[in-house]
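The values are calculated or read from the model by the stated rules, or taken from the named source; none is laboratory data. The model shown is predicted, which means the values in this text are computed figures rather than measured ones. Glycine also receives a Cβ, built like all others from the backbone with ideal geometry; neighbour counts cover every protein chain displayed. These accessible areas exclude ligands, DNA and RNA; they are computed on the full protein's heavy atoms, side chains included. Shrake-Rupley method; radii C 1.70, N 1.55, O 1.52, S 1.80 Å.
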Amino acid sequence: MTVAFLGTGIMGAPMAANIAEAGLDVRVWNRTRAKAEPLSDVATVADSPSAAADGADILVTMLADGSAVAEAFEAASPASGTLWLQMSTVGLDWTDRLAAMAEEAGVVFVDAPVLGTRQPAEQAQLLVLGSGPEESRPAATPVFDAVGMRTIWLGPAGRGSRLKLVMNAWVLALTNATAESLGLARALGLDPALFLETIKGGGLDVGYAHVKGGAMLAGEYPASFPAGLAAKDARLVVEAAGEEVDVAGAKAVLAHLEAAVEAGHGDEDMAALYRAVLKER
Ligand code: NAP
């Protein structure tokens, strides 16, 4: 089984490495070739999306957003019958558009975004939210098993992206709530660390608050999930909610993330929204 893997960023590079280590033949392509080169021990580094996809059985995309995925898919021009595992977070409209592009090309489309960040990707511990034709499952499973601890199959394509947005609304809200409680503690003259100490081990505790809150307290934001991409995801949540449901919390997170990005912190981890909460520039 040959896998063409497009996009070797924070998530894609370890995912591609894990697929290769599981014994599949992997060809990687990345716009910035230098980020694909470290994979040359386990995979073939291709010069173009089409060189990666030529003759491949499976195409995997793990790129920043819908337009980057569409561009790479068109450039890849995979053969009819190729299985396309679209694992980037692109939201609902782009998922529909990519599914239509796949149909036109005779490519089998599986919408399969992931939960988990840099470390779970490195440890093959992602949670794959798979959705697409039932008959695609046997071929997709070796790839999903190589990158994740579990795959949830949700039915027709589009349902994976729907659940991904639901989960992202939760992740974004947790990060923002952590930042605001730490910031409020500081503004009220308390040691902000008291917030994390006080929730520890009780019904209000959640591991994520300690991970992101720890980064906020340290003021160090090496990117697990870049703030720029988190802003994209908050926007996708707000767009998907439309007029159906009031997602005021997601809009508030988006405002903090946009402020952090505008201040030049888009490549830092999304925990850097704490800077916006503290009104740092
Ligand atoms: P990343 O490190 O910033 O990687 C982004 C990738 O997209 C890079 O390969 C980048 O290429 C490529 N790219 C961006 N714009 C492009 C364009 N116009 N044309 C071609 N390639 C382009 O981000 P990441 O964290 O790996 O995220 C990848 C996807 O996974 C995103 O959809 C993200 O929302 C999703 N995701 C991320 C996490 C996380 O915690 N990090 C978790 C779950 C899902 P260059 O190297 O050339 O810039």
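A few notes on this one:
- Note on surface exposure: Asp145, Asp41, Asp233 rank Asp41, Asp145, Asp233 by accessible area, highest first, 1.4 Å probe.
- Where the stretch 2-155 is the region considered: accessible area per residue in Å², 1.4 Å probe: 41
- Taking the longest Cα principal axis of the chain as reference, the axis of helix 91-105 is set at about 10 degrees.
- When restricted to Cα atoms, the chain yields an Rg and a Dmax of 19.4, 63 Å, respectively.
- Alpha-carbon centroid distance for the pair the stretch 7-47 / the stretch 104-165, whole angstrom: 18
- Unsatisfied cross-links (Cα-Cα over 22 Å) in the set Lys35/Lys279; Lys200/Lys251; Lys212/Lys232; Lys164/Lys212: Lys35/Lys279; Lys200/Lys251
- Taking the longest Cα principal axis of the chain as reference, the axis of helix 207-218 is set at about 70 degrees.
- ³J(HN,Hα), Karplus 6.51/-1.76/1.60, whole Hz, each residue of the stretch 59-64, x for Gly, Pro: 10, 10, 10, 9, 10, 4
- Estimated vicinal HN-Hα couplings, Hz - the stretch 119-128 in sequence order (Karplus 6.51, -1.76, 1.60; Gly, Pro = x): 5, x, 5, 5, 8, 6, 10, 6, 10, 9
- Antiparallel bridge percentage (DSSP; both residues within the chain; nearest 5): 15
- Taking amide H positions as modeled 1.01 Å from N, with prolines and chain starts lacking one, the residues under 5 Å from Phe5 and 5 or more places away or on another chain are Arg27, Val28, Trp29, Val60.
- The stretch 18-34 - phi-based ³J(HN,Hα) in whole Hz, Karplus 6.51/-1.76/1.60, Gly and Pro as x: 5, 5, 5, 5, 6, x, 8, 7, 10, 10, 10, 9, 9, 3, 8, 4, 4
- Magnitude of the charge dipole, the chain, Cβ model with Lys/Arg +1 and Asp/Glu -1, debye to 20: 580
- Ranking Val147, Val110, Leu163 by how far each Cα lies toward the positive end of the dipole of the stretch 96-231 (charges on Cβ) leaves Leu163 at the top.
- Amide H within-cut-off set for Ser88, under 5 Å, with H built and near neighbours excluded: Thr61, Leu63
- Mean accessible surface per residue for the stretch 164-217, computed with a 1.4 Å probe while every protein chain stays in place, in Å²: 53
- In this structure, the amide hydrogen of Gly148, modeled 1.01 Å from its nitrogen in the peptide plane, lies closer than 5 angstrom to those of Leu126, counting only residues at least 5 positions away or on a different chain.
- Accessible-area composition of the chain, carbon plus sulfur, in percent [1.4 Å probe]: 52
- Helix 66-76 axis, angle to the chain major axis (alpha carbon atoms, nearest 10°): 20
- Contact order normalised by residue count of the chain, Cα under 8 Å, 6+ apart, percent: 14
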